Amino acid sequence: MRAVRFHAKRDIRVEDVPEPGALTGHEILVRPRTVGICGTDLHEFVAGPIVTPSEPHPLTGARNPQILGHEFSGDVVDVGPDVRTVRPGDRVAIMPLAYCGQCYFCLRGLNHLCERMGCVGLSWAWGGMGELAIVLEYQVAVLPEGITYEQGALIEPAAVAVYGVERGRVQPGDTVLVTGGGPIGALAVLAAKAAGAAAVYLSEPNRERRAHGEKVAPTDILDPAAVDVPALLHERTGGIGVDVAIECAGTGRALDDCIRAARRAGTVVQTGLHVGPAEVHPMVWSENDLTIEGTWCYNVYDWPRIAGMVASGALPVQEIVTSRIAMDDVVPAGFEILADPQGTEVKVLVEVGAAGA
């Protein structure tokens, strides 16, 4: 079968790999249909290996070369003898995290913080950018009627954004700042609106992403290279500041803007991943009685709830998509364009199987 595999920095190949073998226990064979290219995948392409394992992973045993793709949906082809919740033909979205179920955090329902956590498409034998993939029963959620494969593939990044908004405790009527107009930032804007925020501001220096943000959802788009975002937001809120600031850019400047824009006793959520250190000023946190929330992934049981939000129209995740490409074009039309800081793409989806409605 054909698959997209990460080998090394700037070395991603579309190549033939052996098909999965016989299923056991709670294993499920899935035929991926649509898969998203994630920022984590881009980090691997530009500077990897980072998350993909050079040595056997302590939970899964996987090691590079790695089939990529952890944001995906598809069809159930076959199930292991102990599977009870899905059957062949079901349309499913994949919750890609793998956890031990035995460590301190797993036993307390914090499976996303498992001490040996793995991830399909990053540290697993299979990934969504392959024509077939084996996952476990707890990793699949049946898609409701009316949800497309495209929307199903976007549940994973939407879960990241929703988790950040919920950790910020966004309430109806709140004023919210989101920094970074990439896929997670755009989804955070949609999630904040779904939570009832009265005003949502998006700060993004890239002109193409600002233009895309205006199409995703009606909101105020700010250019941090042209205006002092915190000063402007204090002015617009009568000198108070925003109730919640959600950092989705992964830069020190964006984090500092969030902290300075937040009102006293406000909340700052760090959702974007920083690949290097950032200078912070904790005295400002103390003086303003801020709550600083760090987030990692999402709750592993949230897929049905987020699928329901998508199905209801409350979370129109499909609006963030800028291109759809074939698997053979994944490097030139996907990774290389997305890795360009001045690139024109925001969210690229890869069609692995037949396009689905």
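The values are calculated or read from the model by the stated rules, or taken from the named source; none is laboratory data. Keep in mind it's a predicted model, so treat the numbers as computed, not measured. Don't worry about glycine lacking a Cβ; one is built from the backbone with ideal geometry, like all the others, and counts go over all protein chains shown. Note: areas computed on protein heavy atoms with side chains; ligands, DNA, RNA excluded. Shrake-Rupley method; radii C 1.70, N 1.55, O 1.52, S 1.80 Å.
Points to keep in mind about this one:
- Gain in span if fully extended, GLN171 to GLU319, counting 0.36 nm per residue against the direct Cα distance: 51.0 nm
- Stretching GLU55 away from ARG108 to a fully extended chain increases their span by 16.2 nm, per 0.36 nm per residue minus the current alpha-carbon distance.
- Listed by chain and number, the lysines placed with their C-alpha closer than 23 angstrom to that of LYS9 are LYS347; residues fewer than eight positions away on the same chain are left out.
- Cβ-based net charge around VAL46, under 13 Å, with every Lys or Arg adding one and every Asp or Glu removing one: -3
- Summing charges over neighbours of VAL83, with a neighbour being any other residue whose Cβ is under 15 Å away from its Cβ, gives -4 when K and R count +1 and D and E count -1.
- The long axis of helix 155-167 is offset from the longest Cα principal axis of the chain by roughly 40 degrees.
- Using a probe of 1.4 Å, the accessible surface attributed to TYR138 totals some 80 Å² when neighbouring protein chains are kept in position.
- Over the chain, DSSP H runs of length four or greater, each weighted -39,500 (n - 2.57), average out per residue to a 222 nm ellipticity of -6500 deg cm²/dmol.
- Distribution of pairwise C-alpha distances over the stretch 93-241, 10 Å bins, in %: 10, 29, 30, 21, 9, 0
- Each of HIS274 and ALA339 was given a label point 7 Å from its Cα along the Cα-to-Cβ line. The distance between the two points is 2.5 nm.
- Axis angle, to the nearest 10 degrees, between helix 303-312 and the longest C-alpha principal axis of the chain: 70 degrees.
- Rounded tilt (10° steps) of 207-216 against the dominant C-alpha axis of the chain: 80 degrees
- Local electrostatic count at ASP256 - Lys and Arg +1, Asp and Glu -1, tallied over other residues with Cβ under 12 Å: -2
- For the stretch 71-199, the residue among LEU97, ALA161, VAL142 whose Cα projects farthest onto the positive side of the dipole built from Cβ charges is ALA161.
- For the stretch 205-225 and the stretch 277-308, distance of Cα centres in Å: 23 Å
- Global geometry of the stretch 67-160, whether rounded, prolate or oblate, following the gyration tensor of its Cα atoms and the 1.5 cut on a/c: prolate
- Given the choices (1) 147; (2) 164; (3) 131, volume of the Cα convex hull per residue in Å³ derived from the coordinates of this structure is entry (3).
- Debye, to nearest 20: dipole size of the chain, +1 on Lys, Arg Cβ, -1 on Asp, Glu Cβ: 380 debye
- A simple spin-label model places pseudo-atoms 7 Å from Cα toward Cβ; at MET1 and ARG207 they are separated by 4.4 nm.
- Of LEU59, LEU23, the order by accessible heavy-atom surface (1.4 Å probe, DNA, RNA and ligands excluded), from most exposed downward, is LEU59, LEU23.
- For the stretch 1-130: rounded, prolate or oblate by the Cα gyration tensor [a/c cutoff 1.5]: oblate
- Surface accessible to a 1.4 Å probe, per residue, for the residues of the chain, Å²: 41 Å²
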